[in-house]
Amino acid sequence: MLLDWLSAPRTTRGIHVACDDGTWRFTSYARLAVDARRIARRLRAEGAGRGRVVSLVLDDPYRFISAFMGTLLAGAVPAPLAPPTALRGTERYHAHLGRVFRAVRPELVLTEDDHAAVVRRGLDGAGRTAARLLLPGALASPGTPDDPGADAVEGEVLDRPDGELALIQFTSGSTGDPKGVRVTWGSLAANAEACRRWLGWTDEDSFASWLPLHHDMGLIGGMVMPVATGTDVWLMRPQQFLRSPLRWLECLGRRGATLTTAPGFGYAYAARRVRPEQLTGMDFSRWRGAVLGAERIDSIGVADFTALLGPHGFAPRALVGAYGLAETTVAASGVPAGRGSRLVRIDATALRVGEPVAVRERAVLGEHRVGGEGWLTGCGVTVHGSELTVVDASGAELPAGSFGEIRLRGRSLADGYQGATGARVPFAPDGLRTGDAGFVEDGELYVVGRIGESVTVQGTSLYAEDVEADLKDLREPGAPVGCAVAFGSTQGADHVVVFVEGRVTPDWLAAARARVSARTPDTLRMTFLQGSRGSISRTSSGKPRRRTMWELLLRPGTGPRWTVACGSPPVPAPV
């Protein structure tokens, strides 16, 4: 089980945390066991025992891990939340905290001194005035692994019933407010075992990650899996990665890490920021699993990444396309490790629910520098214990190769959502309809995009991710630093709005407008809006919140300030 490592924690393996001065801080699993038990005892003393919710608002990776494991050991339910540094805008963060605190109703919040005031305000705003804060000073652990702190917590139970609630993790909120997902001990253990089988995770592996620990990819893949298996893990904060992606690569090219996971953005970003001469002396031949998930994969950016690392032993077959979501703990499907990930090009302008998808071309991720309109990366086959089907609007299962909505069932599926009032909201009896559109071809899943972020014109669906991929493929000088696309309908007309972040040249704008016009129907009105750097609303994990941006656009005076670069913005229908 996931807490078995506490029975005989290792002294030579553990957690390496990146420090801002360029060094790494190592803490053994033996020491982590001491700190987790100390925190568990303190939580029990504070009344946060079995079944009580404890929220975690922590930046420091080691503090987060020890608090998370200590909460599990106490029998309480951790509810990790994004720290203030993950969301731009103080008022937006206050509103976010208020929503999540009303849903999870924590007894205690483990946080840091710098966040105490904003967390207290969030609790009070959510009516949780009796909830208490525990700060790092209250959890200080100056002892050593062989002091009395290493003794078991009274009443310690490492093996919990499958149906008992283990964790509440929040969705990214890319299409609305984040939802609290109720992960049971059974679904958590099932998905951890599925990930171990999928990646062939062994005692000889080690992991490197820069993803935020409060969200499923970083939480389960970057923390729970390494700790539960007792393998070394190298952890950076997202801001550290953005400052120096070379440090992440050093974990895999110098320090021996063999597995990592990141959105496609991370690989493309490293390819842009790291110079070939900086990789001198690195060896990536042991890097056998580079998982890509969370967003549409930039296949051209990934090809640039493999071209950069290829001379130093990195093989394209190490690229592992995957599909997952918080509702399935983390992973739903993945390319078998070591096989390589497939690419297909479809006619994205001819997608109709229930009809077959025509594949026009095929390629291999990392080997072929192709991308843009219609190119999709395969997300593999379902992980052990899970079932994936594609259904039509009525929920009827569609034949293989047909386009529709992805539905999931199986042992990894969570126990529903934590409702706004704290009540459980179950998934549908026939499984989770994900809101993602895609198809299965040759046994492998391909994800096209979010159903709520598309528009259907004359029976054909057009997805925001397709338009964004097409614009990203545009090699005209003067491209923006960020770009997001939103669809919507007002006053009887369908619109596509392209939000560009940062300065663009007139040549780029003209070329981009021509690109969008060429792949959208004449009946679709088009607008380009330009904003300053940071104007695009994003989730705590970096995904654009397209629907939120559209809604703010229809409420003048709210949200960031945008100027019209071309076209005319949509206006709300008169009341």
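The values are calculated or read from the model by the stated rules, or taken from the named source; none is laboratory data. Bear in mind that the values here come from a model prediction, so they are computed numbers and not experimental data. FYI the Cβ positions are ideal-geometry reconstructions off the backbone, even for glycines, and counts take in every protein chain you see.
Side notes on the structure shown:
- Qualifying residue in region 294-304 (condition: in contact with a Phe, Trp or Tyr (Cβ under 7 Å, 6 or more places away or on another chain), within 25 Å of Pro84 (Cα to Cα) and aliphatic (A, V, I, L, M)): no
- Boolean, Ser299 is in contact (Cβ under 8 Å) with a residue 60 or more places away in the chain and under 22 Å from Gly372 (Cα atoms): yes
- Only one of the listed residues (Thr184, Thr175) is at pLDDT 90 or above and either surrounded by fewer than 22 Cβ atoms within 10 Å (Cβ to Cβ) or farther than 19 Å from Ala337 by Cβ (or both). That residue is Thr184.
- Filter result for Leu388 (under 19 Å from the mean Cα position of the chain (by Cα) and modelled with pLDDT of 90 or more): no
- Selection status of Gly98, within 30 Å of Arg13 (Cβ to Cβ), touching a helix residue (DSSP H, G or I) at 6+ places or on another chain (Cβ under 7 Å) and in a helix (DSSP H, G or I): no
- From the list Val481, Val485, Val457, Val448, the lone residue that is in contact with a strand residue (DSSP E or B) (Cβ under 9 Å, 6 or more places away or on another chain) and modelled with pLDDT of 75 or more is Val448.
- Residue within region 396-417 that is of a type in the set (S, T, N, Q), outside any loop (DSSP other than H, G, I, E, B) and modelled with pLDDT under 90 present: no
- The lone exception for Glu367 - which of (1) part of a strand (DSSP E or B); (2) farther than 28 Å from Thr171 by Cα; (3) among the acidic types (Asp, Glu) it fails: (1)
- Note on region 212-228: residues that are within 21 Å of Ala322 (Cα to Cα) and assigned to a helix (DSSP H, G or I) amount to 11.
- Only one of Val370, Val353, Val330 that is crowded, with 24+ Cβ neighbours inside 10 Å, modelled with pLDDT under 95 and not acidic (Asp, Glu): Val330
- You will find that of Asp216, Asp203, the residue that is among the charged types (D, E, K, R) and surrounded by 24 or more Cβ atoms within 10 Å (Cβ to Cβ) is Asp216 and no other.
- For region 157-164, the criterion of being assigned to a loop (DSSP other than H, G, I, E, B) and either surrounded by 21 or more Cβ atoms within 10 Å (Cβ to Cβ) or at pLDDT below 70 (or both) is satisfied by at least one residue.
- Among the residues of region 110-139, those that are of a type in the set (Gly, Ala, Ser) and at negative phi comprise Ala116, Ala117, Gly122, Gly125, Ala126, Ala130, Ala131, Gly137, Ala138.
- Selection from region 373-394 of residues that are buried (at least 19 other Cβ atoms within 10 Å of the Cβ), in a loop (DSSP other than H, G, I, E, B) and of a type in the set (Ser, Thr, Tyr): none
The rows are residues; the columns are (1) more than 25 Å from Ser209 (Cβ to Cβ); (2) outside the structural domain of Arg120 (by TED's automatic domain parsing); (3) surrounded by fewer than 24 Cβ atoms within 10 Å (Cβ to Cβ); (4) aromatic (Phe, Trp, Tyr).
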| site | (1), (2), (3), (4) |
| --- | --- |
| Arg50 | yes, no, yes, no |
| Tyr62 | no, no, yes, yes |
| Ala74 | yes, no, no, no |
| Ala79 | no, no, no, no |
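- Output for region 230-264, where each listed residue is under 23 Å from Ile168 (Cα atoms), buried (at least 21 other Cβ atoms within 10 Å of the Cβ) and of a type outside the set (A, V, I, L, M, F, W, C): Arg237, Thr261, Pro263
- Residues of region 179-211 satisfying the condition of being assigned to a loop (DSSP other than H, G, I, E, B) and in contact with a Ser or Thr (Cβ under 9 Å, 6 or more places away or on another chain): Lys179, Trp201, Thr202, Asp203, Glu204, Asp205, Ser206, Trp210, Leu211
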